[in-house]
């Protein structure tokens, strides 16, 4: 069996060393299937770059030399996430921005939540201050504030649903503050 010139590991018929990732010179690609013992129950994994099968202990793909990347919960990578649109919708109805947080869009979800809290606090302060001076103006401010809060909440639900559709279709979703879209 052939050994890697860099680390000394036995590499078999690989083009790249599965231990250190270095390219093996003048080796022809031989597509032999690995026979797995019935006693050894190894989990199959595949290269994210070329799709060839890798052994569970391999760090590098023997076909293209790509380092094995651990799957992370980041939106926008090549993974197709499986989120439940109904769950995101229900969570979004309960709390503004929670649907985004469920999807892993933390910046967007937190920006919705903080915006909603700031809006509620401002409406409460203006309503209380105006309530002492002009009662009808305070009622108008309160109604406009409730309308603004509902609009923000409904937009959060819509944006969460739109984001989950993009994620489940494999599209990239940028995790930015929601108000950056309007600037």
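Bear in mind that the values in this text are calculations on the coordinates, not laboratory data. Since this is a predicted model, take the numbers as computed values, not measurements. Cβ sites come from the backbone with ideal geometry, for glycine too, and all protein chains shown count toward neighbours.
Structural descriptor for segment 85-182: relative contact order 35 percent, calculated from alpha carbon pairs under 8 angstrom and at least 6 residues apart. Using 0.36 nm per residue and subtracting the Cα-Cα separation, the extra length available between residue 114 and residue 137 on full extension is 5.7 nm. Compared with the direct C-alpha span, the chain from residue 7 to residue 20 gains 4.0 nm at full extension, assuming 0.36 nm per residue.
Take the Cα of residue 165, step 7 Å toward its Cβ, do the same at residue 177, and the gap between the two points is 2.7 nm.
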